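First comes the structure, then the notes that go with it.
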2 protein chains.
Amino acid sequence: MRIAIDAMGGDHAPEAVVTGTLQAAREFADVELILVGDEPRIAQFITAGGGKLPGNVRIQHASEVIEADDEPVRAVRRKKDASMVVAGRMVKEKQADALVSAGNTGALMATGLLIIGRLPGIHRPALAPMIPTLEGSGTLALDLGANMDASPEHLAQYAVMGTIYRSKVHQLDQPRVGLLNVGTEAMKGNELTKAAYSQLEQLPIHFIGNVEARDILSGVCDVVVCDGFAGNIMLKSFEGAQKAIFTLLKQTLTSSALTKIAGLILKPKLRVFKQYDYREHGGAPLLGIDGIVIKSHGSSDAGAIKNAIGQARTALMNHLVDAIREEIKRNEGQL
Amino acid sequence: MRIAIDAMGGDHAPEAVVTGTLQAAREFADVELILVGDEPRIAQFITAGGGKLPGNVRIQHASEVIEADDEPVRAVRRKKDASMVVAGRMVKEKQADALVSAGNTGALMATGLLIIGRLPGIHRPALAPMIPTLEGSGTLALDLGANMDASPEHLAQYAVMGTIYRSKVHQLDQPRVGLLNVGTEAMKGNELTKAAYSQLEQLPIHFIGNVEARDILSGVCDVVVCDGFAGNIMLKSFEGAQKAIFTLLKQTLTSSALTKIAGLILKPKLRVFKQYDYREHGGAPLLGIDGIVIKSHGSSDAGAIKNAIGQARTALMNHLVDAIREEIKRNEGQL
């Protein structure tokens, strides 16, 4: 299992990426890790880490970097020697099996689509982050921004890919798939969800029907499918509500001497809320690509990078890409 | 100003509706209030309220009731003597200027559309609740569920109607209008929002561009326009996040003797969070109808009913319907 890591992607690159990769190399002896990026800068953090390169890590030099504010498709097309693009090309040319990056999300999706390429029969790849839930093991949400508009067929493919990901990577038996909608009744929704509902009913998945945005955080399903626009609105709304409530809570906890005491008592306990931060829930796979692609959050620290590498390893060990390829083929007529 | 009130609509009808109407009658001597519904049941709560009918309140008998789980359009068509339908007919026939109801939302929208009717030139009426914000005076969001799918022209009309509502009813000077989107840059979004963006730019409104769901609760704009599907996802996501965080907070506050003390200190302060509950922010106007229609929340108590009546009165005093009629006509070519 060879995993190419975009050493230059993310707010804390290359230091956090290099450090996380070295941690992963120690923890996962069965993988070969390839740090792709500016060799002198990468080497500097390996030296700072106190030593020489572990046997299962090597550096692949790449001279360019895709920046966070680069226009994705243009950057991928023009910066042919960018660390992300070089890493993608290694997957395309079977020199690596997976790509992990904390860089520009749009550019990583473009790298997946234009450099590595879709699996046969896949209309659109989908970005699929985990949304943490109060109970249970979180919900895989797709698509969360790879494609703003979707057709019923796209949502059907998302449902199949999400089912396989949760089965293969999280070992869930018959993951419950919900369709993000404005009500739970079958005929609720807009033209897209009404048409998608009947398609999802036909598929060999555990479709539980429509689910409402307000029930997602309670863990009403294991996979939620939606178009990228609606998914983004949901995720950003969760984020906005969390921010607003914490602002109010902070105001409350600092409003008097007495509430400040309460604040001191609660401070260590309030860390539990962090589990609610979707940013901490590992990387988001880009599904439907002919290779494993994991998007780690832009603000990833070394631990997040190590986890994303572990996630890519689990996907590889469980033959995720082949499983998606076969399932899409098997259901060709309905997708 | 004559306001017809659906006495039978809402979870606490008719008691809460009758009590709220009597409160409104005392507070607003300049309005004539018509309680529409089952006369004996209404009379019972007036007697219980200790007295005879105030001079500015009268009862209009209606023998039927639209239930919360009735199929909206069918109920409005078949139950011709339902309190909501009779009240709507009074507005249509100019026996009343406004309709207030806490009943079935879908049926109220159908009453607006089928019984009272649209203003000339309006493609689709829009349901427009206020979303409370951390700073400032809240955001009027439309459409929040009257129409699941929307065209760019619909969003443009929503923007004009929302601007007039905030100007006339809330006396805001040049309300800031935002387009709900997945990013703030002009070319972000799905096909709908991309097309709507350029239409909104042409209108004589204060269009501030795209706004993200995560910034709505910070009060980034005074009016946010979106299709009913996206709006519903946003609102339900806010609700779900709030519920999830309160669940975690409650768990935290009851986890030990010490945190229980903190909980006791904070309990009175935590009421501030209620201001964040969108349900408490008054009724939602149904805009684009040839008459004032206010949807009060299904769980409205007497105070909420009184506020919704006050809201209808403010809209009437400021000639909201005529203002929308004229502005739509003035911008005919662009809408």
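Applying the criterion of at least 2 residues that are in contact (Cβ under 8 Å) with a residue 60 or more places away in the chain and away from chain B (no Cβ under 11 Å) to the strands (runs of 3 or more DSSP E) found wholly in the stretch A:120-235 leaves A:139-142, A:223-225. Answer with yes or no whether B:LYS243 is more than 8 Å from every other protein chain (Cβ to nearest Cβ) and either outside any strand (DSSP E or B) or aliphatic (A, V, I, L, M) (or both). Judged against the criteria, B:LYS243 is not a match. When restricted to residues that are within 23 Å of A:LEU217 (Cα to Cα) and open to solvent by less than 10 Å² (accessible area, probe 1.4 Å), the stretch A:111-134 contains 4. Take A:ASP30 and decide whether it is charged (D, E, K, R), buried (at least 18 other Cβ atoms within 10 Å of the Cβ) and more than 18 Å from A:GLY117 (Cα to Cα). Considered against the rule, which asks whether it is charged (D, E, K, R), buried (at least 18 other Cβ atoms within 10 Å of the Cβ) and more than 18 Å from A:GLY117 (Cα to Cα), A:ASP30 comes out as no. Summed over the stretch A:282-317, the residues that are surrounded by fewer than 20 Cβ atoms within 10 Å (Cβ to Cβ) and of a type in the set (Ser, Thr, Tyr) give a count of 2.
Put simply, of B:SER137, B:SER101 the only residue that is open to solvent by 20 Å² or more (accessible area, probe 1.4 Å), among the small types (Gly, Ala, Ser) and farther than 25 Å from A:ASP149 by Cα is B:SER137. What number goes with the only condition from (1) open to solvent by 10 Å² or more (accessible area, probe 1.4 Å); (2) free of Cβ contacts under 8 Å to residues at least 60 places away in the same chain that A:ALA107 does not pass? The one condition A:ALA107 does not meet is (1). When the stretch A:261-293 is limited to residues that are modelled with pLDDT of 90 or more and outside any loop (DSSP other than H, G, I, E, B), the one that is nearest to the other protein chains (Cβ to nearest Cβ) turns out to be A:ALA284.
Residues checked against (1) open to solvent by 20 Å² or more (accessible area, probe 1.4 Å); (2) modelled with pLDDT of 95 or more; (3) under 12 Å from B:ALA302 (Cα atoms):
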{"residue": "B:ILE3", "(1), (2), (3)": "no, yes, no"}
{"residue": "B:ALA7", "(1), (2), (3)": "no, yes, yes"}
{"residue": "B:GLY20", "(1), (2), (3)": "no, yes, yes"}
{"residue": "B:VAL36", "(1), (2), (3)": "no, yes, no"}
{"residue": "B:ALA48", "(1), (2), (3)": "yes, no, no"}
{"residue": "B:LYS52", "(1), (2), (3)": "yes, no, no"}
{"residue": "B:ARG58", "(1), (2), (3)": "yes, yes, no"}
{"residue": "B:ALA62", "(1), (2), (3)": "no, yes, no"}
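A:ALA68 passes every criterion in (1) farther than 17 Å from A:HIS12 by Cβ; (2) at pLDDT below 95 apart from (1). I'm trying to understand the selection: among the residues of the stretch B:43-102, which are in contact with a helix residue (DSSP H, G or I) (Cβ under 6 Å, 6 or more places away or on another chain) and of a type in the set (Ser, Thr, Tyr)? Listed by number, the list holds a single entry, B:SER101. Scanning the stretch B:1-18 for residues that are in contact with a helix residue (DSSP H, G or I) (Cβ under 6 Å, 6 or more places away or on another chain) and aliphatic (A, V, I, L, M) yields B:MET1, B:ILE3, B:ALA4, B:ILE5, B:ALA7, B:MET8, B:ALA16, B:VAL17, B:VAL18. Taking the stretch A:212-269 as the range and being hydroxyl-bearing (Ser, Thr, Tyr) and surrounded by 22 or more Cβ atoms within 10 Å (Cβ to Cβ) as the test, only A:SER237 passes. For the stretch A:298-321, the criterion of being more than 14 Å from chain B (Cβ to nearest Cβ) and among the basic types (Lys, Arg) is met by at least one residue.
The values are calculated or read from the model by the stated rules, or taken from the named source; none is laboratory data. As the structure is a prediction and not an experimental result, all values here were calculated from the model. Counting neighbours? That spans all protein chains shown, and the Cβs are built from the backbone with ideal geometry, glycine included. The accessibility values were calculated without ligands, DNA or RNA, using every heavy atom of the protein model including side chains. Shrake-Rupley method; radii C 1.70, N 1.55, O 1.52, S 1.80 Å.
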